[in-house]
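Notes for the one structure printed next.
Since every read-out is calculated from the coordinates, none of them should be taken as a lab result. Note that the structure is predicted; figures quoted are calculated from it, not measured. Glycine also receives a Cβ, built like all others from the backbone with ideal geometry; neighbour counts cover every protein chain displayed.
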Amino acid sequence: MKTIKALGVVGAGTMGSGIAQLAAQNNIQVLLYDNQPGAVQSAVAKIQERLTRAVDRGQMPRGALEQTLNNIIEKSSLESFKDAEAVIEAVVEVMDIKKAVFRQLSEIVAPSAILATNTSSFSITELAGVTPRPKLVVGMHFFNPAPIMKLVEIVRGEDTADETVESAQHLASQMNKETVVVQKDTPGFIVNRILMPLFIEAMRILEEGVASPEDIDKAVKLGLNHPMGPLTLADFTGLDVDLEVMDYLYDEFRDDRFAAPQVLRRLVRAGHLGKKAHRGFYHYPS
Ligand SMILES: NC(=O)c1ccc[n+]([C@@H]2O[C@H](COP(=O)([O-])OP(=O)(O)OC[C@H]3O[C@@H](n4cnc5c(N)ncnc54)[C@H](O)[C@@H]3O)[C@@H](O)[C@H]2O)c1
């Protein structure tokens, strides 16, 4: 199996910058592109800040910081991705934008290059359909923060070749990650399909006044040995993102297991978007 030496990453937001850092730390040369002016530079500056903190704490030698930064090449257009042996797309979760990126990439990169998407929800098969190489399209679902979270879900589209799944697993192992293979292109893959009903049930318990938010989180932490309670985790993930994922799963499955609770809709409408552990639920129902 081919070891990837040059990886393209499209999108330099939360996930793209995390994936770029991770790959670069593992001696892969990364071509990083974002269509927002200044986004790549600011992603690299944040990576430098994070790594400098790690050096200051004695968790990383200074040489490794320099090597990692040297491995990231800032790109101002997708055209310069022609030497990428594989590309991971991490642009916003909007199907038409992802399709446009895939169409463009398939005209630029070598016919043998793998096109991976970090989508949290969309159909790999639908995305692959816009390229002339559906066999080489695969989901690689990283978790946030990508340099830290151990798992990558490898998602097989209807037309994904076995070798592509194996190559994606190999690429993840080059980045020191563990993988699971999602054999069917199904909404929510494994993790979000399990996580969303957990969030929903915790929120319903809160709505019904069965327990305080603190006790709901404490119960799951200590009773199930989870490192974080579901209400706090939902907040970290981003309440707006949670709501979008639940609505998407509900639309796809038409199943009440995925019906977003009112408390979540109310908090999102009130502007509690989470992501920085605002602990929106801890103030419910105020
Ligand atoms: N944030 C998470 O926790 C998380 C976890 C797993 C997967 N994901 C998925 O990863 C993807 C990215 O999410 P994120 O949280 O990093 O989003 P983000 O908003 O932080 O970053 C998206 C980046 O894509 C760029 N972009 C938009 N259109 C582009 C285009 N046409 N070409 C190049 N760049 C473009 C934006 O400028 C932005 O910098 C989404 O598909 C999301 O569902 C997110």
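Over the Cα atoms of the range 1-137, the radius of gyration divided by the Kirkwood radius equals 0.99; this is the Rg/Rh ratio. Taking every Cα-Cα distance in the range 69-144 and sorting them into 5 Å bins starting at zero, the pair-distance distribution P(r) comes out as 3, 16, 29, 25, 18, 8, 2, 0 percent. Sequentially through the range 24-39, phi angles give Karplus couplings (6.51, -1.76, 1.60; θ = phi - 60°) of 5, 5, 9, 6, 9, 6, 10, 9, 10, 9, 9, 7, 8, x, x, 5 Hz, Gly and Pro residues having no value and appearing as x.
Express as a percent, rounded to the nearest 5, the fraction of DSSP beta bridges in the chain (both residues included) that run antiparallel. For the chain, the DSSP antiparallel bridge percentage is about 15. Across the range 54-66, computed HN-Hα scalar couplings (Karplus, 6.51 cos²θ - 1.76 cosθ + 1.60, θ = phi - 60°) run 5, 5, 4, 7, x, 8, 8, x, 4, x, 5, 4, 4 Hz from first to last residue, x flagging Gly and Pro.
A straight Cα-to-Cα reach below 12 Å connects K2 with the aspartates and glutamates E85, E163, E166, residues fewer than 8 places away in its own chain not being considered.
The relative contact order of the chain comes to 14 percent, based on Cα pairs under 8 Å that sit 6 or more residues apart. The local environment of A43, defined by Cβ-Cβ distances under 14 Å, has a net charge of 0 under the rule Lys, Arg +1 and Asp, Glu -1. Listing L51, L239 from fewest to most neighbouring C-beta atoms within 10 Å gives L51, L239. Comparing H272, H170, H141 in a Gaussian network model of the chain where C-alpha atoms under 10 Å apart are linked, the largest mean-square fluctuation is found at H272. Here the average projected area of the convex hull drawn through the C-alpha atoms of the range 192-277 stands at 5.3 nm². Farthest towards the positive end of the charge dipole of the chain, among the residues T179, I47, P227, is the Cα of I47, using unit charges on the Cβ of Lys, Arg, Asp and Glu. Dipole magnitude for the range 192-277: computed about the Cα centre from +1 point charges on Lys and Arg Cβ and -1 point charges on Asp and Glu Cβ, it is near 200 debye.
Each part gets one Cα centre, and for the range 1-61 versus the range 244-268 those centres are 33 Å apart.
Under Stokes-Einstein, with the Kirkwood radius over Cα pairs as Rh, the value for the chain at 10 °C and 1.306 mPa s is 80 µm²/s. Pick out which of I216, I19, I47 has the largest mean-square fluctuation in a Gaussian network model of the chain, springs linking Cα atoms closer than 10 Å. Top of the fluctuation ranking is I216. Sorted ascending by nearby beta carbons within 10 Å, beginning with the fewest, K99, K75 become K99, K75. Scalar couplings 3J(HN,Hα) for the range 96-106, obtained by applying the Karplus form with A = 6.51, B = -1.76, C = 1.60 to θ = phi - 60°, are 5, 5, 5, 4, 4, 5, 5, 4, 5, 4, 5 Hz; x denotes Gly and Pro. What are the aspartates and glutamates whose alpha-carbon lies under 18 Å from the alpha-carbon of K82, with same-chain residues fewer than 8 places away excluded? Within the straight-line cut-off, K82 pairs with D34, E74, E107.
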